[in-house]
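Beneath this line is the structure, given in structure tokens, with notes to follow.
The values are calculated or read from the model by the stated rules, or taken from the named source; none is laboratory data. On a predicted model such as this, the values are computed, not experimentally measured, just so you know. Here the Cβ positions follow ideal geometry from the backbone for every residue, glycine too, while neighbour counts run over all protein chains shown. Heavy atoms of the whole protein, side chains included, go into the accessibility calculation; ligands, DNA and RNA do not. Shrake-Rupley method; radii C 1.70, N 1.55, O 1.52, S 1.80 Å.
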Amino acid sequence: AQRVTQPEKLLSVFKGAPVELKCNYSYSGSPELFWYVQYSRQRLQLLLRHISRESIKGFTADLNKGETSFHLKKPFAQEEDSAMYYCALSRSQGNLIFGKGTKLSVKP
Amino acid sequence: DGGITQSPKYLFRKEGQNVTLSCEQNLNHDAMYWYRQDPGQGLRLIYYSQIVNDFQKGDIAEGYSVSREKKESFPLTVTSAQKNPTAFYLCASTHTGGQGLNEQFFGPGTRLTVL
């Protein structure tokens with residue numbers, strides 16, 4: 001079965017600390033994975049996708065097929081990173097299956 | 001802030017009534033999607049449409065219906081058969097084709113409350 005698991009509902013760190021939001025997936029085939037972010041009072045928006053192998057706002061995510069993971073990392077968290085983060089896996093016909101989300105809170 | 005719009009922002013409904021949520025996009029996107037967002041549940045796919053006059057059920061289609069008569073519009077009707085309709089509803093759209101999966105753009109959402 002296709003599934004995306006985000007084990008942490010809430011992650012709280014201090015400003016300047018490293019942050020890692022975990023995402024594990026279950027998929028038989030070549031996965032395409034994404035991280036979406038929803039800041040307070042803003043729309044859900046794409047943060048990054050694994051196929052681009054880019055860094056956005058200091059965040060990176062590496063696809064690890066052996067561990068079936070796509071964890072989101074940032075070496076130094078900022079207060080403006082506080083948001084809801086969703087990991088998503090593509091299915092056929094362009095559909096996405098989302099994890100339940102992790103709320104990141106960065107304290108000053 | 002065009003792109004993809006949803007209306008209304010807040011909607012209240014009495015039990016037993018059908019209600020239609022609007023979703024419009026001016027991005028010339030082929031595909032459109034409806035998701036339901038509940039606290040602690042993430043986003044779950046209700047219906048999607050890859051092309052005008054065609055749509056498919058998502059993971060939680062029961063109690064919902066859609067139409068896709070125009071490329072720009074993908075309204076969602078929440079029927080009285082939906083047992084737990086109170087939720088935040090998100091519409092999204094994307095281009096199809098090309099290499100790899102294209103980014104989905106989301107609307108601002110409609111919060112539906114059943115009284």
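Structure summary
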read-out: Förster radius 25 Å - calculated FRET efficiency between B:Lys57 and B:Thr20 (Cβ-Cβ, nearest 0.05); value: 0.90
read-out: Among B:87-93, B:69-75, the order from most to least packed when residues are scored by Cβ within 10 Å on average; value: B:87-93, B:69-75
read-out: Cα gyration tensor shape for chain A, rounded if a/c is under 1.5, else prolate or oblate; value: prolate
read-out: Total accessible surface hidden between B and A, rounded to 100 Å², 1.4 Å probe; value: 1900
read-out: B:Asn28-A:Ser28 pseudo-label distance in nm [points 7 Å out on the Cα-to-Cβ vector]; value: 4.0
read-out: Antiparallel bridges, percent of DSSP beta bridges restricted to chain B (to nearest 5); value: 90
read-out: Accessible area of the protein assembly as shown belonging to carbon and sulfur atoms, whole % at 1.4 Å probe; value: 48
read-out: Cα gyration tensor, the range B:26-115 - rounded (a/c under 1.5), prolate or oblate; value: prolate
